[in-house]
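Values in this text are rule-based calculations from the coordinates and carry no lab data. The structure displayed is predicted, hence computed values, not measured ones. Every residue, glycine among them, receives a Cβ derived from its backbone with ideal geometry; neighbour counts consider all protein chains shown.
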Amino acid sequence: MTRKAIARLPWFWGTVGVVGLIALWQLVCTLFAVPTYLLPSPWATLTALWADAAVLGPHLATTAIEAFSGLALAVVFGGAVAVAMSASRPSRDLLYPPLVLSQAVPLIAVAPLVLIWFGLGPSAKVLIVAFVCFFPITVNAYEGFRTVDPLYLELLRTLGARRRDIYRHLYLPATLPGTLAGLRVGATYSVLGAVVGEWLGGSRGLGVYMTRALQSFRTDRLFAAIWIVMLMSLAMFKLVDGVGGRLTPWLRRRQRA
């Protein structure tokens, strides 16, 4: 593969930017002898990550399960609410305002209430993640319903299509791009929601690990956990993007054209 072909790869310049930023970070910490407790260098962060790999494993698994479960719950309820809002104008007028108002409540205010009502177990964290991911998934799915061409709907009704056939052959393909767009946003928020819930209370998870690292003034461990959270969010996004590519192959063909 030639240099020009490599430079055209979609991930090339992003990787160059990230590597350059890490190199600059390491250079600043080395030249100015920045204390580790103030700003650990990438090498110190990597060393802490390697040293605590065995401890971080269970925390990472807990956060991943909570993030994935909460995202799946948001997809189920978000899709159901989007279908209900698209069914009729009264249902839309009834459900849309509370949906928007739910986003006016800060997460830092909702999360403690969820922990009080449902305890400090994993179920509370799953509900917090679902709350974070619910809005983008629901709104994007509903916008997909709104963009359906009414001529296609009239054609299917003229041909005698039943309601479930209309949803299967018209609404589902039409709403998939919007739903997947909301799902990508929700996927990046899911890990954040799980960590916030663990930060406020719990016995296991990356949020708990970060709290303990902060209390012991181990900034290198805190940065190591932040790296993991970032990589997990990227992995969730890429997973949704890969599934979306499988479900909407016509969009990929259109982008390549």
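Every residue in the stretch 206-250 that is among the aromatic types (Phe, Trp, Tyr) and touching a residue at least 40 places away in the same chain (Cβ under 8 Å), please.
So the first thing to find is which residues in the stretch 206-250 are among the aromatic types (Phe, Trp, Tyr), and the list is 209, 217, 223, 227, 237, 250.
Within the stretch 206-250, Tyr209, Phe217, Phe223, Trp227, Phe237 qualify.
Got a sec? Which of Ala84, Ala72 is farther than 20 Å from Val126 by Cα and either in contact with a strand residue (DSSP E or B) (Cβ under 7 Å, 6 or more places away or on another chain) or not polar (S, T, N, Q) (or both)?
Ala84 is the lone residue from the list that is farther than 20 Å from Val126 by Cα and either in contact with a strand residue (DSSP E or B) (Cβ under 7 Å, 6 or more places away or on another chain) or not polar (S, T, N, Q) (or both).
Out of Phe217, Phe237, report the one residue that is on the phi > 0 side of the Ramachandran plot and out of contact with any Asp or Glu (no Cβ under 6 Å at 6 or more places or on another chain). Spell out how you get there, then give the answer.
Details: Phe237 fails: on the phi > 0 side of the Ramachandran plot.
The match here is Phe217.
Run Ser203 past the list (1) in contact (Cβ under 8 Å) with a residue 12 or more places away in the chain; (2) more than 24 Å from the chain's Cα centre (by Cα); (3) surrounded by fewer than 12 Cβ atoms within 10 Å (Cβ to Cβ) and report the number of the one that doesn't hold.
Failing condition for Ser203: (2).
Those residues that are assigned to a helix (DSSP H, G or I) and of a type outside the set (Asp, Glu), I need them from the stretch 140-153; list them, please.
Listed by number, the residues that qualify are Asn140, Ala141, Tyr142, Gly144, Phe145, Arg146, Pro150, Leu151, Tyr152, Leu153.
If I filter the stretch 33-44 for residues that are touching a residue at least 40 places away in the same chain (Cβ under 8 Å), assigned to a loop (DSSP other than H, G, I, E, B) and hydrophobic (A, V, I, L, M, F, W, C), do I get at least one hit?
Kept after step one, since they are touching a residue at least 40 places away in the same chain (Cβ under 8 Å), are these residues of the stretch 33-44: 36-40, 44.
The next check asks that each one be assigned to a loop (DSSP other than H, G, I, E, B); those that pass are 36-40.
If we keep only those that are hydrophobic (A, V, I, L, M, F, W, C) as well, we get 38-39.
Checking the stretch 33-44: at least one residue is touching a residue at least 40 places away in the same chain (Cβ under 8 Å), assigned to a loop (DSSP other than H, G, I, E, B) and hydrophobic (A, V, I, L, M, F, W, C).
Name the pairs whose Cβ atoms lie under 6 Å apart, with the first residue in the stretch 153-165 and in contact (Cβ under 8 Å) with a residue 12 or more places away in the chain and under 18 Å from Thr175 (Cβ atoms), the second part of a helix (DSSP H, G or I) and β-branched (Val, Ile, Thr), and 6 or more positions between them or separate chains?
Sorted first by the residue in the stretch 153-165, then by its partner, the pairs are Leu156/Ile166.
Scan (1) within 24 Å of the chain's Cα centre (by Cα); (2) loosely packed, with under 15 Cβ neighbours inside 10 Å; (3) part of a helix (DSSP H, G or I); (4) free of Cβ contacts under 8 Å to residues at least 24 places away in the same chain for the single condition Val110 breaks and write down its number.
Unmet for Val110, out of (1) within 24 Å of the chain's Cα centre (by Cα); (2) loosely packed, with under 15 Cβ neighbours inside 10 Å; (3) part of a helix (DSSP H, G or I); (4) free of Cβ contacts under 8 Å to residues at least 24 places away in the same chain: (2).
Could you tell me how many of the residues in the stretch 212-253 are closer than 20 Å to Leu38 by Cβ and out of contact with any Gly (no Cβ under 9 Å at 6 or more places or on another chain)?
The total comes to 15.
Let's see how each residue does on (1) crowded, with 20+ Cβ neighbours inside 10 Å; (2) within 13 Å of the chain's Cα centre (by Cα); (3) part of a helix (DSSP H, G or I):
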| residue | (1), (2), (3) |
| --- | --- |
| Ala61 | no, no, yes |
| Ala64 | no, yes, yes |
| Gly79 | no, no, yes |
| Pro90 | no, no, yes |
| Leu94 | no, no, yes |
| Val100 | no, no, yes |
| Ile116 | no, no, yes |
| Cys133 | yes, yes, yes |
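What number goes with the only condition from (1) within 25 Å of Val229 (Cβ to Cβ); (2) without any contact (Cβ under 8 Å) to a residue 60 or more places away in the chain; (3) of a type outside the set (Asp, Glu) that Leu60 does not pass?
(2)
Filter the stretch 138-170 for residues that are more than 30 Å from Leu101 (Cα to Cα), of a type in the set (Gly, Ala, Ser) and surrounded by 10 or more Cβ atoms within 10 Å (Cβ to Cβ) and give the result.
Residue satisfying the conditions is Ala161 alone.
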